[in-house]
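Written out below as structure tokens is the structure these notes cover.
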Amino acid sequence: QVQLVESGGGLVQAGGSLRLSCVASGNTFGFNVMGWYRQVPGKQRELVAEFTSGGSTNIADSVKGRFTISRDNAKKSVYLQMNSLKPEDTAVYYCYTRRMVQWFWGQGTQVTVSS
């Protein structure tokens, strides 16, 4: 089992910044893919940014140039720096990790961007 705990969400005005953090614990061996999804009510969860198994990154077009993903392997952590936030970035942000077909999710952290 892998446990993921997110932090850093909150309320921010449009144009502002937030930094999300996610710490993994438990049996994390082999869980190289790690990143962030987000979800708004009534819509599917969508990928925001992730580290692939090869170490490269995938960034959603909607956040490119504004969001940056980073990680600290020693701390088993992944971060999402969100700049120039827009009201449409409002969502619950979920940290996740996976190894092949095995997925684990955090509990989610709310990000609300006011206009």
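The values are calculated or read from the model by the stated rules, or taken from the named source; none is laboratory data. The structure presented is a predicted model; accordingly, all values stated were derived computationally and were not measured. All Cβ positions, even for glycine, are placed from backbone atoms using ideal geometry, and neighbour counts span all protein chains on display. Calculation scope for accessible area: heavy atoms of the full protein, side chains included, ligands and nucleic acids excluded. Shrake-Rupley method; radii C 1.70, N 1.55, O 1.52, S 1.80 Å.
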Give Gly54, Gly35 a once-over and let me know the one that is of a type outside the set (Val, Ile, Thr) and modelled with pLDDT under 95. Gly54
If we ask which residues in the stretch 1-12 are among the polar types (S, T, N, Q) and in a loop (DSSP other than H, G, I, E, B), their number turns out to be 1
Over the stretch 23-43, the set of residues part of a loop (DSSP other than H, G, I, E, B) and either touching a residue at least 24 places away in the same chain (Cβ under 8 Å) or under 15 Å from the mean Cα position of the chain (by Cα) (or both) is Asn27, Thr28, Gly30, Phe31, Asn32, Val40
Scan the stretch 50-94 for residues that are open to solvent by 60 Å² or more (accessible area, probe 1.4 Å) and acidic (Asp, Glu) and report the count. 2
If Thr97 passes every condition in (1) among the β-branched types (Val, Ile, Thr); (2) touching a residue at least 40 places away in the same chain (Cβ under 8 Å); (3) surrounded by fewer than 21 Cβ atoms within 10 Å (Cβ to Cβ) but one, which one does it miss? (3)
List the strands (runs of 3 or more DSSP E) inside the stretch 48-115, counting only whole elements, that have at least 1 residues being more than 15 Å from Tyr37 (Cα to Cα) and of a type outside the set (A, V, I, L, M, F, W, C). 67-72, 77-82, 91-99, 102-105, 109-114
Checking Gly15 against (1) touching a residue at least 12 places away in the same chain (Cβ under 8 Å); (2) in a loop (DSSP other than H, G, I, E, B); (3) within 23 Å of Met100 (Cβ to Cβ): exactly one of these is not met. Which one? (3)
Evaluate the stretch 20-40: report whether one residue or more is crowded, with 16+ Cβ neighbours inside 10 Å and closer than 16 Å to Ser84 by Cα. yes
